[in-house]
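First the structure, in the form of structure tokens, and then the observations on it.
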Amino acid sequence: MSGTEVRHPVFARCYAGVSEALERLGLAERRRKLLAGLSGRVIEVGAGNGLNFAHYPPAVTGVLAVEPEPELRRRATRAARRAPVPVEVVAGLADRLPARDRSFDAAVASLVLCSLPDPVAGLREVRRVLVPGGRLRFLEHVRADSPGLARVQRLLDATVWPRLAGGCHTGRDSVAAVRAAGFTITALDRFVFGGVPTPISVLVLGTASAPPAG
């Protein structure tokens, strides 16, 4: 395993199948909302199997899609060939992005903050590569409001779930992580995907901005 890869081959194959099924159940529409209105150069952190690519608007001039898991990266590379905008898929880690300072107009994180070893460090690295005032779009499953469900999430996260799900944690407070990394949240929609609360169905779709110049 290189310094730019994280290998979870069994999880990757399972994730690819499950994620494609969820697209048909309504997640594709959420991805369209996530990416609507973006323009210029975009970096996507944890691109997975590339399901966002089909939804980038034409004002996006290019996407650098960073994915550390080899099987998911292979699938993302195939998806990039069908994308409506130019997409380059590369290996890389969220806390060591292969990009220069201030080189992107926007960043996208979808269903990835849950699995980062240190989400705040990863988001600070995202902030580094964004232009001043650049936008961060995020779609993540998060800690439940219900005390009972939150307890289930804590139990899963302390035991089997991260091992089974490629390092994923069901109950992360990703909104707090975005703020802790120095972003200002400008829009936030919290919802239960599918209408049934489960440890991984409480999601947020949000927009945040990096600090302005100066």
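The values are calculated or read from the model by the stated rules, or taken from the named source; none is laboratory data. Because the structure is a prediction, the values reported are computed rather than measured. Virtual Cβ from ideal backbone geometry, glycine too; neighbours counted across all protein chains shown. Surface areas here come from the heavy atoms of the whole protein model, side chains and all, with no ligands, DNA or RNA. Shrake-Rupley method; radii C 1.70, N 1.55, O 1.52, S 1.80 Å.
Could you figure out which of (1) outside any helix (DSSP H, G or I); (2) surrounded by 14 or more Cβ atoms within 10 Å (Cβ to Cβ); (3) free of Cβ contacts under 8 Å to residues at least 60 places away in the same chain isn't true of Ala150?
(1)
In the stretch 103-133, which residue that is touching a Pro at 6+ places or on another chain (Cβ under 7 Å) and open to solvent by 10 Å² or more (accessible area, probe 1.4 Å) is farthest from Arg32 (Cα to Cα)? I'd like the intermediate steps shown before the answer.
At the first step, the residues of the stretch 103-133 found to be touching a Pro at 6+ places or on another chain (Cβ under 7 Å) are 113, 132-133.
Restricting the remaining residues to those that are open to solvent by 10 Å² or more (accessible area, probe 1.4 Å) gives 132-133.
Numbers: Pro132: 25, Gly133: 22 Å.
Among them, the one singled out is Pro132.
Considering only the stretch 40-55, state which residues are crowded, with 22+ Cβ neighbours inside 10 Å, aliphatic (A, V, I, L, M) and in contact with a helix residue (DSSP H, G or I) (Cβ under 7 Å, 6 or more places away or on another chain).
To start, the set of residues in the stretch 40-55 that are crowded, with 22+ Cβ neighbours inside 10 Å comprises 42-50, 52-53.
Within this subset, residues satisfying the condition of being aliphatic (A, V, I, L, M) are 42-43, 45, 47.
Once the filter is applied, which keeps residues that are crowded, with 22+ Cβ neighbours inside 10 Å, aliphatic (A, V, I, L, M) and in contact with a helix residue (DSSP H, G or I) (Cβ under 7 Å, 6 or more places away or on another chain), the stretch 40-55 yields Ile43, Val45, Ala47.
Given the criterion at pLDDT 95 or above, of a type in the set (Ser, Thr, Tyr) and open to solvent by 10 Å² or more (accessible area, probe 1.4 Å), identify the matching residue among Thr170, Thr186. Working first, answer last.
Details: Thr170 fails: open to solvent by 10 Å² or more (accessible area, probe 1.4 Å).
After ruling out the rest, the residue left standing is Thr186.
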